[in-house]
Amino acid sequence: MKISLAQIKSIAGNVQANLEHHLNYVRKAIAQKADLIVFPELSLTGYEPTLAKSLAFQLSDTRLDIFQELSNSAKITIGIGAPTIAKNGICISMIIFQPGLARCVYSKKYLHPDEEPFFVSGDNPPPLKIKEYKISLAICYEISIPNHSEEAVKCGSEIYLASVAKFASGVDKACETLSSIAKKYNITTLMVNAVGSADNGICAGQSSVWNASGELKVQLNDQEETLLIYDIV
């Protein structure tokens, strides 16, 4: 199974430009015959908590239809970061498009304290199933909650994939955490981070993959926009 991590730079608040940028990377992943592509946290809007409410998506938003069409035609699963509208507020979410299935949403359950003024806790749905693999998702701060990765393993997941928006001050710790999770549970872990400005800081890239022994297999640099393709066999 080929997993594609889209380490991209989002333009704060410019949803239309970001949509086009996402489509470009989805098409690149399709050309590489990827089975799954995942983008960084809140990638459609940029990680901008103060803008999230005004830019939040309904799951049915027709601007997203093209991603479902590409998912269906290319048999690729697509995970895009976006704020979404919930009954009690705005969630930090990943909108997921799967071939032949209705789009669904994974929402961040465990919020960082800095996020609580802007967002509400959401729901973590069951793992994705792609080919013979179960893939549990995580969004940024969730990787620091031991119960989160423990639940992923209890669900039978062999892969734990984190979509993040980490600055230089936090990316090394995130890498250490995901390496430890991989080694502890004997699972493959992955992290896709953004590059460029976000929330008065700079996202530090370094999107990575660790094998089930916790060994770093591949890591991007801290500035380049590119696609990391990893083949899990």
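The values are calculated or read from the model by the stated rules, or taken from the named source; none is laboratory data. Worth saying up front: this structure is predicted, and the values here are computed from it rather than measured. When we count neighbours, we look across all protein chains shown, and the Cβ atoms used for this are built from the backbone with ideal geometry, even at glycine.
Say whether the condition of being farther than 18 Å from Ser136 by Cα and aromatic (Phe, Trp, Tyr) is met by at least one residue in segment 84-107. No, segment 84-107 contains no residue that is farther than 18 Å from Ser136 by Cα and aromatic (Phe, Trp, Tyr).
Of the strands (runs of 3 or more DSSP E) that lie entirely inside segment 147-233, those containing 3 or more residues that are out of contact with any Lys or Arg (no Cβ under 8 Å at 6 or more places or on another chain) and surrounded by fewer than 21 Cβ atoms within 10 Å (Cβ to Cβ) span 216-219. Figure legend. Inter-residue proximity from segment 186-204: first residues over 30 Å from Gly156 (Cα atoms) and of a type in the set (Asp, Glu), second residues modelled with pLDDT of 95 or more and crowded, with 23+ Cβ neighbours inside 10 Å, beta-carbon distance below 9 Å, spacing 6+ or different chains. Indicated pairs: Asp199/Gly46; Asp199/Tyr47; Asp199/Ala165. Could you check, for segment 160-174, whether at least one of its residues is within 30 Å of Lys75 (Cβ to Cβ), out of contact with any Gly (no Cβ under 6 Å at 6 or more places or on another chain) and either charged (D, E, K, R) or without any contact (Cβ under 8 Å) to a residue 60 or more places away in the chain (or both)? Yes, that holds for at least one residue.
In this entry, Ile135 passes the filter for residues that are in a strand (DSSP E or B) and either in contact with a helix residue (DSSP H, G or I) (Cβ under 9 Å, 6 or more places away or on another chain) or touching a residue at least 40 places away in the same chain (Cβ under 8 Å) (or both).
Restricting attention to segment 61-78 and to residues that are hydroxyl-bearing (Ser, Thr, Tyr) and touching a residue at least 24 places away in the same chain (Cβ under 8 Å), the residue that is farthest from Gly201 (Cα to Cα) turns out to be Ser71.
Filtered by the rule that a residue be aliphatic (A, V, I, L, M) and in contact with a helix residue (DSSP H, G or I) (Cβ under 9 Å, 6 or more places away or on another chain), segment 160-184 gives Ala162, Val164, Ala165, Ala174, Leu178, Ile181.
Filtering segment 57-107 to residues that are of a type outside the set (Lys, Arg), in contact with a Pro (Cβ under 7 Å, 6 or more places away or on another chain) and surrounded by fewer than 20 Cβ atoms within 10 Å (Cβ to Cβ) leaves Asn72, Cys104.
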